[in-house]
Every structure is written in C-alpha cells, then in structure tokens.
Amino acid sequence: MSNTIAFVSIKGGVGKTTLALETASSLANDYKKKVLLIDANFSAPNIGLYLNLTNEITLHDALSGVPLHNTIYEAHGMDIIPADLHYNDPIDPTKLKKLLEKFKTRYDYIIIDSSPNYEELKPVIAAADKIFLVSSPDHVTLETTMKAAIAAKEENTPIHGIIVNKIRSPQHEMNLAQIEEFSNIPVVAKIKSNKGMARALYYQRPLGLLEPTSAISKEIKKFSSAICGEPEFQNKLLEKLLTKISKEKINRDLLRQNFYESQIR
C-alpha cells in the first residue's frame, strides 16, 4: 500500500510544483522507489510543461471517464500523470480519491502537486494520506498557507510538516523558530533560492538528475530520505563530521520515525 502525499499551498509561486517533482524524482532515483507523480493543479497545470510531456491524454480525461492507466507517462525513472492546461469540458475533481484507490497497491509513493485555488485544493487533500505545506519565509505567504492547514484539518488529513522554500534574505525573513511558533507545525526542510532551478526548467529535467550535488538537490534528498525511512548519511562518522544538528534535521528524524510506524500499523 502506497503513501499518497500532497504538496499544498494557497498561494502561487511558492515552488510546490518543483518540490513535488524533485521529491518524486529523488524517491525514484536516489532510493529506487516505485513512484507516481500527479499534476492535480486542475486549472493551471505545468508538470507536463516542466518535463516536455506530450499531454495527449491527461488527468482531466481520467476525471471524465478515460481509464487512469491510459494517462500515465514514464519519464526520469518515475510514472507521471500530467493535466491539461487547455481542457475545456467540465470535470469533477472529487473523483480523484476514488481513481487513486485502485493504484495504491502498485506504487510505494503517490506524490500529488496541488492547485493554489482553495476549491481545487480540497479534493486533493481528501485524496491524500499526508500533506506537506509549502511556504516562502514571509508572513504574507505563511498566513495564506495556513488556510490550507485548516482545510487539511477539516478533511482529517495529517499535516507532516512545512517546507520553507525560496529563502532569499534571511535577515529580512521569518526564521525557523518564528515559522514553527506561528504555525505550530515542524519545518522539515529549508531551501534557498537558487539559479539551478532555472537551468532545470530550461533543460526540462529534474534538478536532482541534472545537478545532483547542488544545495537544493541535497536538501531534497535529505527530505526524501525521511519519507522513505532511509538515513540522511550512510556513514555515521561522516554524518557527525559534516552535519550540524539543526532543528529541521531533528524534525526529519521524527518524520522518518513517524513514516516508518505508519507503514507497520
């Protein structure tokens, strides 16, 4: 049985699509997991554009009756279901959860990118087993993102952490302690703004494959290790030498344990 994980935010431009894509790629390529990545941004999807997929048959078609397996594309070591930017017929996003039920035994992880639109977000949260909030480190975005947390609580979908993305000027932004105090949710990854993402978008490949030693790729790999229960470092001595015990690492260790326990219940 797979873990269905959604990346959510009620604000565009925070990087949740990138984080969903890079996490899926890391789980598939770094940890050899069977992964299905789904673009569930129904009104403004872009994973297909990110990766130059043909998008001939998409999630929109599946929500209109086409068998879901016909919408799956293989790329970069994972299976991907894109959505259609130009689909004009009416769809019912609430069908997403039922569509995925048949596929949960086929994958280790189903990763869902969501829409920032509140009404489109709710069926994604309902379909997920766990969610991660995505926010940049400013009070405007964080306060907006907390609306997604309210939606998750209404659906009884557990929130397993916040990923703080696009850190640009730490002295002028909320720090980790302030974010956790405000949200009462642990920060599990901190990612600085990086030009590498522009290169990944240009070459239409996951950054983790294009530049595996970049700071973003390393942080995503650490986050992915927590999701699949793998240690951040294989060598414990090397870990002690290279890693300071940061708050987000402690949170990832707890996340790693929680995910492990959920798999054996």
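Computed from the coordinates by the stated procedures, all read-outs in this text should not be read as laboratory data. Fair warning: this is a prediction, and the values are worked out from it, not measured in the lab. For neighbour counting, all protein chains shown are included, and Cβ atoms are generated from backbone atoms with ideal geometry for every residue, glycine included.
Just a few scattered comments:
- Using alpha-carbon coordinates, inclination of helix 215-228 to the longest axis of the chain, degrees: 70
- A Stokes-Einstein calculation at 25 °C with viscosity 0.890 mPa s, built on the Kirkwood radius of region 3-264 over Cα pairs, returns a diffusion coefficient of 133 µm²/s.
- Distance from the C-alpha centroid of region 165-204 to that of region 61-85: 30 Å, rounded to the whole angstrom.
- Taking the Cα centre of region 73-183 as reference, the dipole from Cβ charges on Lys and Arg (+1) and Asp and Glu (-1) amounts to some 240 debye.
- Restraint check, LYS104/LYS221; LYS32/LYS153; LYS33/LYS122; LYS122/LYS195; LYS98/LYS218, Cα-Cα greater than 29 Å: LYS32/LYS153; LYS122/LYS195; LYS98/LYS218
- Dipole of region 3-264 [Lys/Arg +1, Asp/Glu -1 at C-beta], most positive-end residue of ILE227, PRO212, ILE185: PRO212
- Total charge dipole magnitude, region 3-264, about the Cα centre, Cβ charges on Lys, Arg, Asp, Glu only, Debye to nearest 20: 840
- Relative contact order (%) - criterion: Cα under 8 Å, at least six apart; region: region 144-193: 45
- Degrees, to the nearest 10: 118-127 long Cα axis against longest axis of the chain: 80
- For the chain, the relative contact order is 23 percent, taking Cα pairs closer than 8 Å that sit 6 or more residues apart in sequence and dividing their mean separation by the residue count.
- Karplus-derived 3J(HN,Hα) values for region 207-214, using 6.51 cos²θ - 1.76 cosθ + 1.60 with θ = phi - 60°, are 4, x, 8, 6, 9, x, 9, 5 Hz; glycine and proline are entered as x.
- Fraction of beta bridges assigned by DSSP in region 3-264 that are antiparallel (%, nearest 5): 10
- Helix-only [θ]222 nm of the chain, DSSP H runs n ≥ 4, -39500 (n - 2.57) each, per residue, nearest 500: -12500 deg cm²/dmol
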